[in-house]
1. Can you name the condition, by its number, that B:T178 falls short on among (1) open to solvent by 80 Å² or more (accessible area, probe 1.4 Å); (2) more than 20 Å from the chain's Cα centre (by Cα)?
2. Does A:P165 fit the bill of being part of a loop (DSSP other than H, G, I, E, B), away from ligand 2 (no atom under 16 Å from the Cβ) and open to solvent by 40 Å² or more (accessible area, probe 1.4 Å)?
3. If I go through the stretch A:18-61 residue by residue, how many of them are of a type in the set (D, E) and within 14 Å of chain B (Cβ to nearest Cβ)?
4. Condition first: modelled with pLDDT under 95, of a type in the set (K, R) and within 30 Å of A:D72 (Cβ to Cβ). Can you find one or more residues in the stretch A:19-37 that meet it?
5. When B:I162 is evaluated against the numbered criteria (1) within 15 Å of ligand 1 (Cβ to nearest atom); (2) open to solvent by 40 Å² or more (accessible area, probe 1.4 Å), which criterion, by number, is the only one it fails?
6. Among the residues of the stretch A:83-103, write down those that are over 11 Å from A:M146 (Cα atoms) and in contact with a strand residue (DSSP E or B) (Cβ under 8 Å, 6 or more places away or on another chain).
7. Take B:E164 and decide whether it is acidic (D, E) and in contact with a helix residue (DSSP H, G or I) (Cβ under 6 Å, 6 or more places away or on another chain).
8. Output the number of the condition that B:V84 fails; it satisfies all remaining conditions of (1) at the interface with chain A (Cβ under 8 Å from one of its Cβ atoms); (2) closer than 18 Å to B:A152 by Cβ.
Amino acid sequence: MSKKEISRRTFLNYALMGTGGFLAAGMITPMVRMAIDPILKPKASGSEVAVGSVDDFGPEPKKVDFKINVVDGWHKAESTNVAWVRKLEDGSILALSPICKHLGCTVNFNDPSGKPNEYFCPCHEGRYAINGEVILNTPPTASLDMYKVTVKEGKVFLGEKEKNPRGGVKG
Amino acid sequence: MMQKMYDWVDERLNITPMWRDLADHEVPEHVNPAHHFSAFVYCFGGLTFFITVIQILSGMFLSMYYVPDIMNAYESVKYLQTEVAFGVIVRGMHHWGASLVIVMMFLHTLRVFFTGSYKKPRELNWVVGMLIFFVMLGLGFTGYLLPWDQTAYFATVVGVQIAESVPIIGPYLKYLLTGGDIFGALTLARFFAIHVFFLPAALLGLLAAHFIMIRVQGVSGPL
Ligand code: HEM
Ligand code: FES
């Protein structure tokens, strides 16, 4: 078996690159880890907020404002969220987020510029049916998100946003 | 792959001579610790630069989380130190590095002094070195205020009062540093600006001048 010789130059090259790489990595690793921390942090699970009793809501979507606690780094604040809440035919509660699934403007139900019984987005005329279903061939590519709804002792609690499983409809 | 990319660029821009000029530069025997171990004293300049690089990098990353505002500065430092992974390490690098860079600079200056390297024709580089020294002290002084805790605040109060005791220009100097009648929001904002923009820019310019002069004049001869 013949050993492969390496030249003095190659050896020194490797030794130098190894040492240099080690030094650089020791410096850079903590800094990069610190910079990318936001994407590696586990998401804080949001709390549930009461927005009224089941009887407050009927088939017609009703706009409710509710306060949530936002933790923004070292800054803690209250911020207001909006939901459009309606009672479905089977008696369950649907709470839609008014954030447009196109580019994030705020939609409105029964908007004077839109069509009756639809959500309308003023930015690029995106439209959604009453349960948030996107009207096909308008700019949004998905149906409006829904808040997780829990009903406890007749009270409606809204939690985190989830994807709306309803597909698009023709309009 | 790498070789091909290098060749592609080299063919167009002829970059080989640029780094070859540095790589083929001979290190004289009397500054090479492999020949005389005592020559390690010649490393202190390079070590000062190494720590300066750490300061600049760690400072850049710290300013991703730090805000220079009296209501939030302390909270943001506390947040980056306790909530952000490795934040405590990066702040530690900057905190201890700030002292270590002064130590290295001092040892480097001692070497220059005792080898008589400041003599003709290198007087100008001694002067530039002294300017670097003052810029470093300025960085340490302005950076120390940034965490906005008790030590930071009162160290700066004392430091600015020392500046105020300078004859004639003292009071103006104090006003310029605090940016107003009290040590507060304006002081913190301007210390931050000086710490992360003005002095690092000055430092880089001076370091460039320092290194170019060394290259032109060569390392001073053996004792
Ligand atoms: C040789 C150069 C430098 C020296 C000697 C230095 C020194 C200091 C010192 C003594 C502190 C206080 C640290 C503490 O008490 O924990 C500090 C804080 C800080 N420095 Fe620097 N610094 C340098 C360069 C820089 C640069 C280039 C930047 C940014 C581009 C920077 C950004 C910061 C920030 C954001 C803080 C506040 C965070 C903290 O207090 O931990 N520094 N610096
Ligand atoms: S943002 Fe709503 S349609 Fe474009």
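The values are calculated or read from the model by the stated rules, or taken from the named source; none is laboratory data. Remember, predicted model here, so these are calculated numbers, not experimental data. Please note: Cβ atoms are built from the backbone with ideal geometry, for glycine as well, and neighbour counts cover all protein chains shown. Ligands, DNA and RNA are excluded from the accessible area calculation, which covers all protein heavy atoms including side chains. Shrake-Rupley method; radii C 1.70, N 1.55, O 1.52, S 1.80 Å.
1. It is condition (1) that B:T178 fails.
2. yes
3. So the count comes out to 1.
4. No: zero hits.
5. That leaves (1) as the condition not met.
6. Within the stretch A:83-103, A:R86, A:K87, A:L88, A:S92, A:C100, A:K101, A:H102 meet the criteria.
7. The answer is yes for B:E164.
8. Exception for B:V84: condition (2).
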